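The next block holds one structure in the form of structure tokens; read it before the comments.
Nothing in this text is a laboratory measurement; each read-out follows from the coordinates by a stated rule. Predicted, not measured: the structure shown is a model, and the values here were computed from it. Virtual Cβ from ideal backbone geometry, glycine too; neighbours counted across all protein chains shown.
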Amino acid sequence: MAEMSPIDLLRRYDEHRQELRPLLLALLKIPREALRDYSFVLQVQEGGAAHHIAGPLPVPGGSLRLWVEGEGVRIEIGLHPLIAWLMGDRLRRHATPWFKAVYILLSATLMLIVASLMWHGVRDLCLLLLGEEQNRLGAFSAIVFLTLALAVFDLGKTILEEEVLLHKDIFRHSTIRRTITRFIAAILIAVSIEGLLLLFKGSLGQLELLWPAVGVMGCAIGLLLALGLYVYLGARAEASLVQASRHDGPPADAPPSGKETAVG
């Protein structure tokens, strides 16, 4: 999983702004030597007496920073390690490189399977074009191999994108729903094409394949309906959770503020 993007960090901070505010202001009462033990504290400097929180603001290098000032102290905080600490995500971040290595290995293995399927499909097609294959259904064999190659390639690409290249927020239901949707969609495409091939073969004389074709297409339709129901119910459940959190927190139409003030 890739690191959280700046927009993800800003969204997380905005969601938990009310919880973080008293925690950040409480850091001002901690001795300077003890502040260095916090992973998200980057620098401690002399500051003013009034309590306020500035940021998040971008700094050179692409990272985001917060500044907590008061009690004569100015604390610079990294937003990414702060959010990771808040979500209890630090241990998983340490194991992420190992997870990535396994996913890359699995994706590479799937790509080798894709290459093998494509080879068999192209070989059958070449034999048919050269006249060495007399079976009029020989083209369907090539289509089957190429269709399977497409489905396996889409699966490998999905794994590589979701688990290695893109950031995956495991705390959001939408992330899991997106992964499942892409995975089931790849299977659905392969099953649908296989059902169509069976229908074509049945229409060309192999009548015993008609009922299996109907069964395969029925399974594809059932899978599509189940996927649609899952996406619909999942989206409604997440919308309800977001609405409930906004009802408990600040008003939904309140614009985010880059600077918070408090009475010292």
Give the residue from PHE153, LEU166, ILE184 lying farthest towards the positive end of the charge dipole for the stretch 94-248; charges sit on Cβ (+1 for Lys and Arg, -1 for Asp and Glu) and the dipole is referred to the Cα centre.
-> LEU166
For the stretch 94-248, what is the Kirkwood hydrodynamic radius in Å, using each pair of distinct C-alpha atoms?
-> 18.3 Å
Positive end of the charge dipole of the stretch 52-125 (Lys, Arg +1 and Asp, Glu -1 on Cβ, about the Cα centre): tell me which of ALA115, VAL59, VAL102 has its Cα farthest that way.
-> ALA115
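I need the peptides 16-28, 97-109, 141-153 ranked by packing, meaning the mean over residues of other C-beta atoms within 10 angstrom, with the highest value on top.
Packing proxy ranking, top to bottom: 141-153, 16-28, 97-109.
I need the peptides 63-70, 228-235, 217-224 ranked by packing, meaning the mean over residues of other C-beta atoms within 10 angstrom, with the highest value on top.
Values: 63-70: 19.8, 228-235: 12.6, 217-224: 14.8.
Going from most to least packed, we get 63-70, 217-224, 228-235.
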Rounded to the nearest 20 Debye, what is the dipole magnitude of the stretch 94-248 about its Cα centre when Lys and Arg each give +1 and Asp and Glu each give -1 at the C-beta?
-> 380 debye
